[in-house]
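**Student:** Mind looking over this structure? Questions follow.
The values are calculated or read from the model by the stated rules, or taken from the named source; none is laboratory data. All values reported here derive from a predicted model rather than from experimental measurement. As a convention, Cβ positions derive from the backbone with ideal geometry for all residues, glycine included, and neighbour counts pool all protein chains shown.
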Amino acid sequence: MKLNKETFKNYKKYPEKVLQFGGGNFLRAFVDWQIDKMNKEADFNGSAVVVQPTKDGKADKLNAQDCLFNLYLQGIKDGKSVREHSVINSISRAVNPYVHYEEFLKVAEQPELRFIVSNTTEAGIAFDENDKLEGRSQNSYPGKLTAFLYHRFQTFKGEKDKGLIIIPCELIDRNGEKLKEIILKYTEMWKLEQDFVNWLEDSNVFCCSLVDRIVPGYPKDTIKEITEELGYEDSLVDVSEQFYLWVIEGPQWIKNELPTEKAGLNVKFVEDMTPYRTRKVRILNGAHTSLVPVAYLYGLDTVGQAVEDEVIGKYVRETINDEIIPTLDLPEDELKYFAGAVLDRFANPFVKHYLMSIALNSMSKFETRDLPSLLEYLNRKGELPKKLCFSLASLIEFYKGKRGEEDIELADSEDILDLYRSLWESYDGTEKGLRKIVTSVLAYEKNWEMDLNKIKGLTDKVTEYLIKIERLGMKEAVKEVM
C-alpha cells in the first residue's frame with residue numbers, strides 16, 4: 001500500500017495560492033510544512049503548485065503520491081528530545097515545465113495566486129543569456145519566473161491587484177533584490193514593454209528572506225522501520241530538526257495575507273534582515289566552521305560528539321559566548337537565547353551531522369563566517385580573540401591532510417589545495433618553517449581579500465598556536481588555550 005489521497009482519508013484540496021520553484025527536501029520541510037500549519041490553524045486555505053526547476057526533478061514522484069508526504073520532526077523541543085511526524089497536505093500538484101510548459105504558464109492565469117517561493121540552490125539565482133521568451137521552458141529560474149510574470153501581466157492586462165509577493169529562500173545575501181535585478185535584465189534582453197516593467201516595479205513585491213532549518217531529508221538508514229511504523233510506503237518521507245526560523249524583509253501588510261503569526265509560526269517580518277543574517281552567519285555557521293578543525297583533529301567525527309565532549313563542548317560554548325556574541329549588536333538576551341538554541345541543535349540526538357560534511361571549502365567559510373567576528377572583537381576589545389585564532393591555526397593544521405596516521409579527504413578549490421600542498425611538502429620541521437606556512441596562508445589575498453599579516457599580532461598568535469598543535473598534539477594544545 002502506498003501513500004496517496006485514497007489511503008490518506010483526511011486529504012483536502014485547497015486553492016492554489018503559492019507557486020513554488022523546487023520540491024526538494026528543504027522547501028517541503030520548511031515552506032510546505034508552514035502552509036499546512038496555516039491551513040489547519042489560521043484558515044489560510046491555500047496550497048502550493050510545485051514547479052520542477054531543472055530537467056531532473058521530483059515532479060513525477062510527487063504526483064505519484066498526490067503530492068502527500070510524511071514529515072518527521074526530530075530534535076530538542078522545550079528542553080526535551082522529541083520525535084513526531086505528520087502527513088503534509090499542502091501541495092496541490094507538481095509541474096515539469098520542460099515537458100508541460102503550457103501547463104506551467106497557465107498557473108499564471110489563476111486570480112487566487114498570490115505568492116512565489118523558491119529554493120533553487122545558491123547557483124539558481126543566475127542570468128542565462130541563452131534563455132528565450134517563447135516556445136519552450138527557460139533554463140534558469142529567473143528566466144522561467146520572468147516569462148511567468150509576463151504571461152500573468154498579459155492575462156490580466158496589467159491589473160495592479162494581480163501582482164505577486166515573491167519570497168526567494170536561496171541562501172545568498174539580498175536574494176530578493178538579486179532576483180529582481182536579473183528579471184529586469186531579462187526584460188531588457190527580451191525587449192519587453194515599459195508597461196510590464198512598471199507593473200513589475202509597482203504591483204509586485206520582491207522580499208529578501210533568511211531561512212534556517214537543518215533538513216537531513218530522506219531517512220535511507222531507517223526507512224524500513226519508518227515504513228513498518230506508518231503501515232504503508234512513502235517514497236517522499238522527509239526528516240527535519242525541530243528548530244526553524246524565517247525572516248522576511250518586506251512590508252508589514254504581508255502578515256495580513258500570510259497568517260504565520262496566527263498559526264504560531266516562528267516567522268519575523270522586518271524592515272531590515274541584516275542583523276538576523278549576521279547573527280545566523282556568525283553564531284551558527286561561525287561556530288560550525290571554527291569547531292570543525294579543532295574537533296576533528298581532537299578525534300571526533302560528528303557535531304553531536306563535539307558538543308557533548310567535556311573539553312570540546314566547553315571550547316565551542318566559550319567561543320560563542322565570549323568571542324562571537326560580544327561582536328554583535330542585537331539585544332544580549334536575544335543573542336544568548338539564539339546561541340542556546342544553536343547548541344541544542346548541535347546536540348540533536350536524531351541527527352548525525354558529520355564534521356567532514358561541514359569541512360567543504362573551509363577556507364572561504366572561515367573568511368565569511370569567522371574572520372568578521374575576529375576583526376570586530378579586536379576592534380571592540382583591543383585584543384585578539386584566543387579561540388578564534390586557535391581555530392585558524394587548527395584550520396592550517398587540518399589542511400596538512402593528516403589526522404594521526406589517517407589521511408583527511410580535503411575538499412576545496414584547486415588553488416587552495418595547491419597552496420597547502422606546496423607549503424606542507426616544503427615544511428622543514430622547524431618553528432621557523434611553521435611561521436613561514438602561517439605567513440603564506442595569511443597573505444593569500446585571493447581567499448581573505450586582504451593580507452591578514454597586517455593585523456597586529458595575528459601572525460604571532462596563529463604561529464604560537466600552530467607550534468603547540470604540532471608539538472603537543474590537538475588534545476593537549478586545546479587544553480592550553482582553554
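**Student:** Identify the residue in the range 295-343 that is touching a residue at least 60 places away in the same chain (Cβ under 8 Å) and either of a type in the set (S, T, Y) or outside the structural domain of H353 (by TED's automatic domain parsing) (or both) and, among all such residues, is nearest to R213 (Cα to Cα).
**Tutor:** Top of the filtered list is T319.
**Student:** Here's another thing I want to ask about it. Based on this model, can you work out whether D428 counts as assigned to a loop (DSSP other than H, G, I, E, B), of a type outside the set (A, V, I, L, M) and closer than 23 Å to M356 by Cα?
**Tutor:** no
**Student:** Still on this model: Pairs needed: first member in the range 455-473, within 19 Å of K402 (Cα to Cα) and modelled with pLDDT of 95 or more; second member anywhere, of a type in the set (S, T, N, Q) and assigned to a helix (DSSP H, G or I); C-beta distance under 7 Å; at least 6 residues apart or different chains.
**Tutor:** Once the first residue is within 19 Å of K402 (Cα to Cα) and modelled with pLDDT of 95 or more and sits in the range 455-473, its partners that are of a type in the set (S, T, N, Q) and assigned to a helix (DSSP H, G or I) give I469/S394.
**Student:** Search the range 356-369 for residues that are over 11 Å from V292 (Cα atoms) and pair each with any residue that is among the basic types (K, R) when their beta-carbon atoms are under 8 Å apart and the residues are at least 6 apart or on different chains.
**Tutor:** Note: pairs meeting the criteria are R369/R282.
**Student:** Pull out all pairs, ordered by first then second residue, where Cβ-Cβ is under 8 Å, the residues are six or more apart or on different chains, the first lies in the range 65-82 and is in the same structural domain as V215 (by TED's automatic domain parsing) and at positive phi, and the second is surrounded by fewer than 20 Cβ atoms within 10 Å (Cβ to Cβ) and of a type in the set (D, E).
**Tutor:** Matching pairs, first to second residue: G75/D344.
**Student:** Against the definition (of a type outside the set (A, V, I, L, M), over 16 Å from R93 (Cα atoms) and in the same structural domain as F148 (by TED's automatic domain parsing)), how does F44 come out, yes or no?
**Tutor:** So F44 fits the description; yes.
**Student:** Here are the criteria: (1) out of contact with any strand residue (DSSP E or B) (no Cβ under 9 Å at 6 or more places or on another chain); (2) part of a loop (DSSP other than H, G, I, E, B). Tell me which single one L265 does not satisfy.
**Tutor:** Single failed check for L265: (1).
**Student:** All but one of (1) in contact with a helix residue (DSSP H, G or I) (Cβ under 9 Å, 6 or more places away or on another chain); (2) of a type outside the set (A, V, I, L, M, F, W, C); (3) closer than 24 Å to V351 by Cα; (4) surrounded by fewer than 20 Cβ atoms within 10 Å (Cβ to Cβ) hold for N45, so report the exception by its number.
**Tutor:** (3)
**Student:** Does the range 417-437 contain any residue that is under 18 Å from D370 (Cβ atoms), of a type in the set (A, V, I, L, M) and within 32 Å of the chain's Cα centre (by Cα)?
**Tutor:** no
**Student:** Consider Y218 carefully, then state whether it is closer than 23 Å to L68 by Cβ and surrounded by fewer than 18 Cβ atoms within 10 Å (Cβ to Cβ).
**Tutor:** Spelling it out, Y218 is indeed closer than 23 Å to L68 by Cβ and surrounded by fewer than 18 Cβ atoms within 10 Å (Cβ to Cβ).
**Student:** Can you tell me which residue in the range 363-386 is surrounded by the most Cβ atoms within 10 Å (Cβ to Cβ), limited to those that are closer than 24 Å to E470 by Cα and under 25 Å from the mean Cα position of the chain (by Cα)?
**Tutor:** Restricting to residues being closer than 24 Å to E470 by Cα and under 25 Å from the mean Cα position of the chain (by Cα), the top hit is D370.
**Student:** Against the definition (touching a residue at least 60 places away in the same chain (Cβ under 8 Å) and of a type outside the set (F, W, Y)), how does E257 come out, yes or no?
**Tutor:** yes
**Student:** Further question on the same structure: If only one of E229, E225, E159, E233 is more than 19 Å from S86 (Cβ to Cβ) and either in the same structural domain as F69 (by TED's automatic domain parsing) or surrounded by 14 or more Cβ atoms within 10 Å (Cβ to Cβ) (or both), which one is it? Break it down stepwise before answering.
**Tutor:** Numbers: E229 fails: more than 19 Å from S86 (Cβ to Cβ); E225 fails: more than 19 Å from S86 (Cβ to Cβ); E233 fails: more than 19 Å from S86 (Cβ to Cβ).
Among E229, E225, E159, E233, only E159 is more than 19 Å from S86 (Cβ to Cβ) and either in the same structural domain as F69 (by TED's automatic domain parsing) or surrounded by 14 or more Cβ atoms within 10 Å (Cβ to Cβ) (or both).
**Student:** Can you tell me how many residues in the range 239-254 are part of a loop (DSSP other than H, G, I, E, B), aromatic (F, W, Y) and touching a residue at least 40 places away in the same chain (Cβ under 8 Å)?
**Tutor:** 2
**Student:** Does E409 fit the bill of being out of contact with any strand residue (DSSP E or B) (no Cβ under 7 Å at 6 or more places or on another chain), free of Cβ contacts under 8 Å to residues at least 12 places away in the same chain and either surrounded by fewer than 17 Cβ atoms within 10 Å (Cβ to Cβ) or over 27 Å from I283 (Cβ atoms) (or both)?
**Tutor:** The answer is no for E409.
**Student:** For residues that are under 30 Å from H151 (Cβ atoms) and of a type in the set (S, T, Y), scanning just the range 69-109, find the one that is surrounded by the most Cβ atoms within 10 Å (Cβ to Cβ).
**Tutor:** Checked the range 69-109; the qualifying residue surrounded by the most Cβ atoms within 10 Å (Cβ to Cβ) is S90.
**Student:** Let me ask something else. Looking at the range 170-189, I want the residues that are under 14 Å from Q138 (Cβ atoms) and have a partner that is buried (at least 19 other Cβ atoms within 10 Å of the Cβ) and of a type in the set (S, T, N, Q) with Cβ atoms under 6 Å, at least 6 apart or on another chain. Which pairs are those?
**Tutor:** I183/T146; Y186/T146
**Student:** Hand me the list of helices (runs of 4 or more DSSP H) wholly inside the range 1-119 holding 2 or more residues that are at pLDDT 95 or above and either of a type in the set (S, T, N, Q) or within 25 Å of the chain's Cα centre (by Cα) (or both).
**Tutor:** Working: elements: 33-41, 59-64, 101-106.
Qualifying helices (runs of 4 or more DSSP H): 33-41, 59-64.
**Student:** All but one of (1) at pLDDT 95 or above; (2) farther than 30 Å from K2 by Cβ; (3) buried (at least 18 other Cβ atoms within 10 Å of the Cβ) hold for D212, so report the exception by its number.
**Tutor:** (1)
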